[in-house]
Structure formats: C-alpha cells, structure tokens
Amino acid sequence: MQKLWGLFFALVLGAILALCLVSPFVGWWMPQNVASYGGEVDNLFNIILAITGVVFVLTEALLCWFMFRYAYDPQRKALYVEGNHRLEITWTLATSVVLLWIAFAQVSVWERIKYQGLMPEPHLVVQVTAHQWEWRIRYPEEVTKTDADGRAWAESPEIDDLHLPNELHTWKNANTRIYLKTQDVIHSFGLPNLRLMQDALPGKTIPMWFKATESNTQWDEAAGRCEEPDDAARRWEIACKELCGGGHYRMRGRLYVHPSEDDFRAWLRYQLKAQNSHEPETHPGAAGTPVALQK
Amino acid sequence: MISGQSSRRLPRALSVAVPLLAALLACGCGESVRYSPDLRYPARTDPIVDDPPKEQPWASEQPGRLDESIAEIPKKGGKITEPKSIDAGLRKALLAALNTTFGTPYAPQVGAAKGEDEGVVTQLVQLKVRDAKEDAPFHTLATGSKAFRFHCVHCHGLPGDGHGPTGPWVVPHPRDYRLGKFKFVSSAGGPPGKPRRDDLMRTLHQGIDGTSMPSFALLSDDELDGLASYVMHLSIRGEVEKDILTDLAAGNDYPDMADEVHTRMTMIVGQWAAADAKPIEPTKDSYKDLTTKQMAESIRRGYKLFSDPSGSASCIGCHQDYGRQVPFRYDKWGTLVRPANLTHGVYRGGRRPIDIFWRIKRGIDPSGMPPTGVTDDKDVWDVVNFVQAMPYPQMLPEDVRYKIYDRPPEEHPKTAVRVEK
C-alpha cells in the first residue's frame with residue numbers, strides 16, 4: 001500500500017516532465033524574441049535549464065525510487081547510517097563549480113545589456129515614467145539626440161515633447177535608449193519580446209537600451225492608426241514586472257516597431273499635431289489608439 | 001498501528017485534492033466576471049452633500065477617512081441630507097421604482113425596453129446609452145456593466161459612488177457619478193458640469209494624468225463604448241435618486257413614486273442630450289500658427305490677462321503664485337481640491353491646447369473654477385499659450401520669466417528652443 005504513494009508521485013512527476021518536454025512544440029514556450037542581444041539571453045536560459053533540468057530529473061527519479069523501494073515494511077530493520085563525508089564534499093564541490101561557471105559565463109551578456117558605459121550611442125531617446133497603474137511615455141520632438149543631450153532631456157521636459165500612455169514606439173534596428181523613472185512605488189518596465197526588464201526605483205532615473213531587429217507595424221496615415229499584425233504573437237507588449245498594487249495585472253502597454261525611421265517620424269509628426277490640436281474632434285485622445293491585447 | 005490507517009489515507013487525500021484542484025481550475029473563467037443576476041443596487045444610505053463647508057481647510061485629507069470627513073461637514077458649516085432621516089417606507093418605494101426604471105447591475109437599463117416615450121428613446125440612442133435595435137436595446141449597457149465590474153468597481157463602487165474598497169485611499173477620490181457633474185467637460189450646452197460623451201471617452205482613452213485614473217485605451221472599442229454608456233447610466237440613476245431623496249427629506253411626498261422617477265429620468269436624460277449636442281468651438285480664425293516672435297507676444301498678453309487681479313480673466317486670484325501657493329478648498333462632493341499648480345505641466349483634463357481652452361471657457365464647475373469672463377477667443381488662446389509655456393522657463397519671454405521664476409537665465413536648465421515656424 002505504501003508503495004502506491006511512490007508510484008503516484010512518479011506518475012505525477014512524469015506527467016509534468018512530459019508536459020514540459022511537449023510545451024515548446026505546442027506554443028507554450030517563450031514569446032517571440034526580436035532583440036539584438038536576445039539570442040544570447042535565450043542561450044543562457046537554455047544552458048541553465050539543461051543543467052538544472054538534468055539534475056532535477058535525476059534527483060526526483062531517485063526520490064521516487066527510494067519511496068518505492070524503501071516504503072515502510074514492518075519486517076525490515078532500520079539502517080543506522082552516520083553519513084558519508086566524501087560523498088557530501090563531492091556533491092557540494094560539484095554544485096559550486098557549476099554555479100561558479102554559470103556566474104562567469106553570464107557576465108559578458110549582462111555587461112552588454114546593463115552597463116551604462118557599454119550602451120551604444122542612441123538613435124532614439126525616450127523617457128518612461130511609471131506610476132500606479134500605467135506607463136507615461138515621453139518622446140522628444142527632435143528625435144536625434146546625442147547621449148549627453150538625451151540624458152539632460154530625460155530630466156528636463158520640453159514644451160514640444162509628445163506624451164502618451166502605454167505605447168512605446170521605435171523603429172527597426174534603432175538603438176533605443178530609455179530613461180526610466182517612477183512617481184510612486186517600485187515598478188519594473190518589462191519588454192518580454194526584447195528579453196529586457198528593469199526595475200524603476202523611486203528617486204532614480206535609470207537608463208536601459210535595446211535594438212529591435214524586426215518590425216511589427218506600419219504607420220497608416222489615412223486611417224490615423226498603426227497597422228495591427230494579424231498574428232497575435234507579433235503584438236508585442238510592455239508588462240509591469242514588479243508587484244505594485246491592485247492594478248499591477250493591468251499595467252500593460254504595447255510595443256510598436258516601425259519598419260524605418262521615416263515611418264516612425266511620420267507617426268510622431270501626426271501625434272504631435274494631434275497633441276497640438278486647437279479644434280474639437282469627434283475621435284478623442286491622440287490618434288492611433290492601440291488595439292486590445294486580448295483580440 | 002500504521003497499516004490500518006494507511007489504507008484509508010490515500011482515498012481521503014484524493015477526496016480533498018480532486019475537488020480542490022477542480023475548484024481552482026474552474027474559478028476565473030469567463031462568465032464569473034459578470035455581476036450576479038441576483039444582485040441589486042442598494043438603497044443610498046450615505047449623506048448627500050447639499051452645501052460644502054465654507055471654512056478653509058488647512059490640511060489635506062487623511063487617507064481612508066472619506067466617510068468620516070463627509071459626516072463632519074455640518075460641523076464645518078456645510079449642509080448634508082441624511083437619507084436615513086427619511087421614512088423607511090418612502091425609501092423602499094423609491095428603491096423599487098429605481099429598480100424598475102434602471103434595472104440591475106447585471107441587466108442595466110434606462111427606461112423601459114418597450115413602450116418608452118419616443119423622445120427619451122431618441123435621446124438615449126443618440127447618447128448610445130440605448131441601442132437602436134429593438135430586440136436588444138440595452139446590449140451596450142450590459143457590455144459596459146461587465147467591463148465596469150472587472151476594471152472599475154473596486155475604485156468607483158457598485159452604484160458609481162466613488163466608494164469602492166480603493167476609493168477612500170486614493171486622492172483625488174474616484175468620481176462619485178451620482179452628483180451628475182463631471183470636471184473636464186467640453187459641452188457648449190446643458191447645465192454646468194454635464195459632459196459630452198466624447199469627454200467620457202477621452203478620459204477612458206488617456207486617463208487622468210496626475211491621478212490614479214489610468215488610461216484604458218487597450219480595451220476593445222466595444223468595451224470602451226459600453227463603459228461610457230454604463231457610466232452615464234450610473235450617473236443618471238444616481239442623480240434621480242439624489243434629487244428625490246433631497247425632496248423627500250424636505251417633506252415632499254410622491255404618491256406615484258414610479259411616475260416621479262420616470263419624470264426625473266426624462267428630465268436628466270434631456271440635460272445629457274443638450275450637453276452632448278455640441279462642443280465648445282473656438283470662433284473661426286481665432287487661432288493661427290504663430291512665429292516665435294508672435295508666440296512671445298501672445299505669451300506676454302496671456303501673462304497680463306492671467307496676472308491682473310482686477311481684469312476679466314484674473315486667474316491669479318485662485319491660482320496664487322501660478323499655482324505654487326494655493327490653499328485647499330471644498331468641492332461640490334464635499335472633498336478637498338485646489339487650483340492646479342500650473343508650473344508643473346501636469347494637466348488632468350488633457351494637455352492639448354483645445355483641452356486647456358475648454359477648461360478656461362467652461363470652467364470646472366464642481367471644483368469651483370468659474371467660466372472665464374474673457375469674451376474674445378483670441379484672448380483666450382493667449383492665456384492658453386501662456387499656460388502651456390509656464391512649466392518651461394526657457395519658453396517664456398525674459399521679462400515674464402523673471403516675474404514667475406526669479407532666477408537669472410544662466411541657471412535655467414538647458415532645453416531645446418522651439419523651432420521657428
């Protein structure tokens with residue numbers, strides 16, 4: 001009877017393992033990756049998953065085997081084991097070596113993404129302010145800024161800046177620099193399709209950068225909106241990745257990557273014109289309202 | 001000892017685990033997001049603020065004390081009406097009549113589905129509170145009710161009283177729709193504080209910058225339409241209830257309560273329709289694109305109009321020190337508000353020139369901002385240009401800049417200069 005528990009555990013764990021193995025092939029895996037450094041991040045993920053996965057499966061298999069083999073038997077006398085010193089040293093050392101290796105293997109990727117000194121000269125600077133529960137995103141009218149000017153602009157808004165909630169726009173292969181602030185609590189600006197996230201800390205302005213290697217929209221001047229990709233996987237999103245209160249779940253936004261700088265500038269011009277409107281209009285808000293993520 | 005128990009343990013454990021897992025999987029799916037069909041709007045029991053206090057509040061509200069601060073209004077020189085002071089029988093009759101006319105949270109309606117007055121039906125269809133097709137006249141309201149429960153009720157409360165669980169804890173408080181007034185309106189007609197449908201849609205699209213009201217632009221068009229309609233439904237219902245309760249407290253009686261509710265509903269729907277009819281339109285050619293030099297002149301004129309305490313605009317009378325040294329005051333909801341700090345560059349009602357134009361022309365009635373006394377729209381645009389430039393010292397002509405920010409120009413942060421048009 002006790003042995004049945006061991007079997008039950010083995011069955012459940014086996015089912016979970018099967019689901020995990022099947023998941024990449026049925027679309028339960030990672031969202032589309034379009035960052036220039038995205039491949040390296042995913043490589044790291046896969047290596048770590050492989051190492052920890054193998055060890056995990058081994059230990060769980062052993063656990064189930066022991067549950068089955070050494071299930072309670074009133075006839076069997078218990079073994080008194082004092083421990084095996086050499087075994088314990090071996091498995092501690094082996095684990096430490098693996099962890100140390102992982103720690104050093106990831107440094108170069110981390111540097112390239114996070115170190116301010118290694119961020120490339122930006123083509124576009126954007127300032128994102130997080131607050132409960134939305135993202136307020138500010139674009140400069142004068143798109144091209146040098147690194148130093150961009151940093152100063154992030155701290156001093158200008159009268160012609162475009163302010164939009166929850167929409168991040170850039171163009172393909174542009175080095176996009178974001179300066180991240182928060183008005184209240186800690187949020188985290190997450191771009192899953194770019195494998196990028198950064199905590200926003202009260203009182204700090206934190207730089208981040210990315211380059212998107214593919215585009216997912218085109219500006220439609222006649223309709224006054226960005227084209228929506230039919231494929232739901234190409235509707236890239238912004239997500240808040242730090243629990244920030246009751247509305248954290250809906251602190252989402254959209255990421256639009258235009259195919260070219262000209263397309264982006266056309267969109268920006270239109271938005272600035274809408275923001276500078278002196279006439280009542282029938283469609284409210286800045287033009288180009290994004291389509292729901294649910295659709 | 002063990003073998004006897006163990007043979008019972010597995011089935012017992014499974015008999016707990018399986019239903020638990022099933023319950024976890026089942027909850028959160030689709031239909032449970034809607035209000036329960038059995039739920040009814042409760043009778044109003046919180047006080048109606050007839051007159052906010054006149055005295056000067058010296059501190060901002062303490063968090064979580066919304067109920068208490070409204071209850072204290074009579075002590076501070078204001079006037080409230082307690083629904084509880086009214087005969088229970090009358091209140092019961094009122095609630096029954098409201099339920100007939102306005103339905104339930106699950107199935108909201110405004111007026112009867114069949115046989116309603118044609119005039120009211122036309123107005124409601126124009127306001128998109130009622131759908132044109134006869135077989136499902138309140139489909140939009142039902143969509144709105146579902147979205148409202150999911151996204152809005154935790155702040156705005158079940159009857160739209162601004163008193164959801166989150167409501168007392170955020171400042172400014174979520175809007176209490178039952179007063180029938182809104183702040184950021186662009187309506188040329190209708191009574192003060194009644195918005196156009198577009199104003200509600202705009203608030204949903206862009207949120208209210210500087211407050212806890214976020215942008216809901218990522219919802220589908222259907223949901224947004226539904227939400228605007230549902231908010232109007234809650235406001236109409238709340239205002240009818242408030243008006244009748246006030247009259248009942250004053251000693252009036254309505255033997256045919258259903259008829260009274262219907263009459264008031266008709267009147268208030270008429271007010272909404274009048275407000276929605278036309279936006280405030282700037283007079284033709286009152287605004288042109290300006291060169292940098294012309295803009296500087298416009299800002300100077302706007303500054304003069306703003307800062308002259310005896311002039312037709314005299315904004316400085318309330319926006320003391322351009323909003324940097326303003327005391328709190330009571331608004332018509334009995335909560336605290338103060339004239340905006342215009343040096344911040346945060347515009348709750350929208351940052352476009354036309355939005356600021358509307359604020360100046362129409363005022364913000366429930367907060368106490370009067371419509372402007374300036375008659376010429378060209379002058380209003382001058383004030384708009386000045387207001388928009390105020391947060392950016394570099395954009396102000398030097399003589400104006402010194403009056404507002406008395407620092408020499410070298411110490412201003414370096415910002416780009418607006419390009420000559």
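For the stretch A:8-43, enumerate the residues that are within 14 Å of another protein chain (Cβ to nearest Cβ) and surrounded by 13 or more Cβ atoms within 10 Å (Cβ to Cβ).
A:PHE8, A:PHE9
Across the stretch B:38-95, what is the total count of residues that are touching a Gly at 6+ places or on another chain (Cβ under 8 Å) and farther than 13 Å from B:THR246 by Cβ?
Here the count works out to 9.
Take the residues of the stretch A:106-129 that are touching a Leu at 6+ places or on another chain (Cβ under 7 Å) and more than 21 Å from A:TRP171 (Cα to Cα): which is farthest from the other protein chains (Cβ to nearest Cβ)?
Here the residue is A:GLN106.
Quickly run through the stretch B:197-229 and pick out the residues that are part of a helix (DSSP H, G or I), surrounded by fewer than 23 Cβ atoms within 10 Å (Cβ to Cβ) and at the interface with chain A (Cβ under 7 Å from one of its Cβ atoms).
Correct list: B:ASP198, B:MET201, B:HIS205.
Which one is nearest to the other protein chains (Cβ to nearest Cβ) among residues in the stretch A:130-158 that are among the hydroxyl-bearing types (Ser, Thr, Tyr) and over 18 Å from A:HIS169 (Cβ atoms)?
The extreme case among them is A:SER156.
Considering only the stretch A:44-58, I want to know if a residue exists there that is in contact (Cβ under 8 Å) with a residue 60 or more places away in the chain and more than 14 Å from chain B (Cβ to nearest Cβ).
Yes, the stretch A:44-58 contains at least one residue that is in contact (Cβ under 8 Å) with a residue 60 or more places away in the chain and more than 14 Å from chain B (Cβ to nearest Cβ).
Give the residues of the stretch A:88-133 that are polar (S, T, N, Q), closer than 30 Å to B:HIS154 by Cβ and modelled with pLDDT under 95, sorted by residue number.
A:GLN132
Just a yes or no: is a residue in the stretch B:333-345 outside any loop (DSSP other than H, G, I, E, B), under 17 Å from the mean Cα position of the chain (by Cα) and not hydroxyl-bearing (Ser, Thr, Tyr)? Outline the logic, then answer.
Narrowing the stretch B:333-345 to residues outside any loop (DSSP other than H, G, I, E, B): B:336-337.
Filter once more, so that each one left must be under 17 Å from the mean Cα position of the chain (by Cα): B:336-337.
The next check asks that each one be not hydroxyl-bearing (Ser, Thr, Tyr); those that pass are B:336-337.
Checked the stretch B:333-345: at least one residue is outside any loop (DSSP other than H, G, I, E, B), under 17 Å from the mean Cα position of the chain (by Cα) and not hydroxyl-bearing (Ser, Thr, Tyr).
When the stretch A:161-174 is examined, which residues are found to be under 10 Å from A:ALA212 (Cβ atoms), of a type outside the set (Gly, Ala, Ser) and surrounded by fewer than 21 Cβ atoms within 10 Å (Cβ to Cβ)?
A:LYS172, A:ASN173 - these are the residues of the stretch A:161-174 that are under 10 Å from A:ALA212 (Cβ atoms), of a type outside the set (Gly, Ala, Ser) and surrounded by fewer than 21 Cβ atoms within 10 Å (Cβ to Cβ).
So which residues in the stretch A:103-120 are part of a loop (DSSP other than H, G, I, E, B) and in contact (Cβ under 8 Å) with a residue 24 or more places away in the chain, if there are any at all?
Those that are part of a loop (DSSP other than H, G, I, E, B) and in contact (Cβ under 8 Å) with a residue 24 or more places away in the chain: A:GLN106, A:MET119, A:PRO120.
Which one is farthest from B:GLY89 (Cα to Cα), of the residues in the stretch B:253-291 that are among the basic types (Lys, Arg) and in contact (Cβ under 8 Å) with a residue 24 or more places away in the chain?
Taking the candidates together, the pick is B:LYS278.
Somewhere in the stretch A:280-293, is a residue part of a loop (DSSP other than H, G, I, E, B), assigned by TED's automatic domain parsing to the domain that holds A:ASP160, modelled with pLDDT of 50 or more and farther than 18 Å from A:PRO140 by Cα?
The answer is no, given that none of the residues of the stretch A:280-293 is part of a loop (DSSP other than H, G, I, E, B), assigned by TED's automatic domain parsing to the domain that holds A:ASP160, modelled with pLDDT of 50 or more and farther than 18 Å from A:PRO140 by Cα.
Sort through B:ARG359, B:ARG300 and tell me the only one that's basic (Lys, Arg), modelled with pLDDT of 95 or more, outside any loop (DSSP other than H, G, I, E, B) and buried (at least 20 other Cβ atoms within 10 Å of the Cβ).
Residue meeting the stated conditions: B:ARG359.
Please go through the stretch B:380-415 and give me each residue that is surrounded by fewer than 18 Cβ atoms within 10 Å (Cβ to Cβ) and modelled with pLDDT under 85, ordered by number.
Within the stretch B:380-415, B:ASP406, B:ARG407, B:PRO408, B:PRO409, B:GLU410, B:GLU411, B:HIS412, B:PRO413, B:LYS414 meet the criteria.
Looking only at residues that are under 15 Å from the mean Cα position of the chain (by Cα) and crowded, with 20+ Cβ neighbours inside 10 Å in the stretch A:241-255, which one is farthest from the other protein chains (Cβ to nearest Cβ)?
In this case the residue turns out to be A:LEU255.
Which count do you get for residues in the stretch A:213-234 that are over 23 Å from A:ARG269 (Cα atoms) and part of a loop (DSSP other than H, G, I, E, B)?
3
Within the stretch B:170-195, restricting attention to residues that are surrounded by fewer than 19 Cβ atoms within 10 Å (Cβ to Cβ) and within 12 Å of another protein chain (Cβ to nearest Cβ), which residue is modelled with the lowest pLDDT?
B:VAL170
Go through the stretch B:322-337 and give me each residue that's surrounded by fewer than 18 Cβ atoms within 10 Å (Cβ to Cβ) and basic (Lys, Arg). It would help to see each step written out before you state the result.
Of the stretch B:322-337, the ones surrounded by fewer than 18 Cβ atoms within 10 Å (Cβ to Cβ) are B:324-328.
If the condition is that a residue be surrounded by fewer than 18 Cβ atoms within 10 Å (Cβ to Cβ) and basic (Lys, Arg), then B:ARG324 is the only one that fits.
Kindly evaluate A:SER277 against the criterion of being surrounded by 15 or more Cβ atoms within 10 Å (Cβ to Cβ), out of contact with any Asp or Glu (no Cβ under 6 Å at 6 or more places or on another chain) and modelled with pLDDT under 90.
Spelling it out, A:SER277 is indeed surrounded by 15 or more Cβ atoms within 10 Å (Cβ to Cβ), out of contact with any Asp or Glu (no Cβ under 6 Å at 6 or more places or on another chain) and modelled with pLDDT under 90.
Any residue at all in the stretch B:303-313 that is among the hydroxyl-bearing types (Ser, Thr, Tyr), farther than 30 Å from B:ILE80 by Cα, more than 25 Å from the chain's Cα centre (by Cα) and within 14 Å of chain A (Cβ to nearest Cβ)?
Scanning the stretch B:303-313, I find no residue that is among the hydroxyl-bearing types (Ser, Thr, Tyr), farther than 30 Å from B:ILE80 by Cα, more than 25 Å from the chain's Cα centre (by Cα) and within 14 Å of chain A (Cβ to nearest Cβ), so the answer is no.
Output the residues belonging to the stretch B:2-14 that are modelled with pLDDT of 65 or more and surrounded by 10 or more Cβ atoms within 10 Å (Cβ to Cβ).
Passing the criteria: B:ARG9, B:LEU10, B:ARG12, B:ALA13, B:LEU14.
Which of the numbered conditions does B:ALA274 fail, given that it passes all the others? Conditions: (1) modelled with pLDDT of 95 or more; (2) closer than 19 Å to B:VAL380 by Cα.
(2)
The values are calculated or read from the model by the stated rules, or taken from the named source; none is laboratory data. This structure is a prediction, so every number in the text was calculated from the model and none was measured. Every residue, glycine among them, receives a Cβ derived from its backbone with ideal geometry; neighbour counts consider all protein chains shown.
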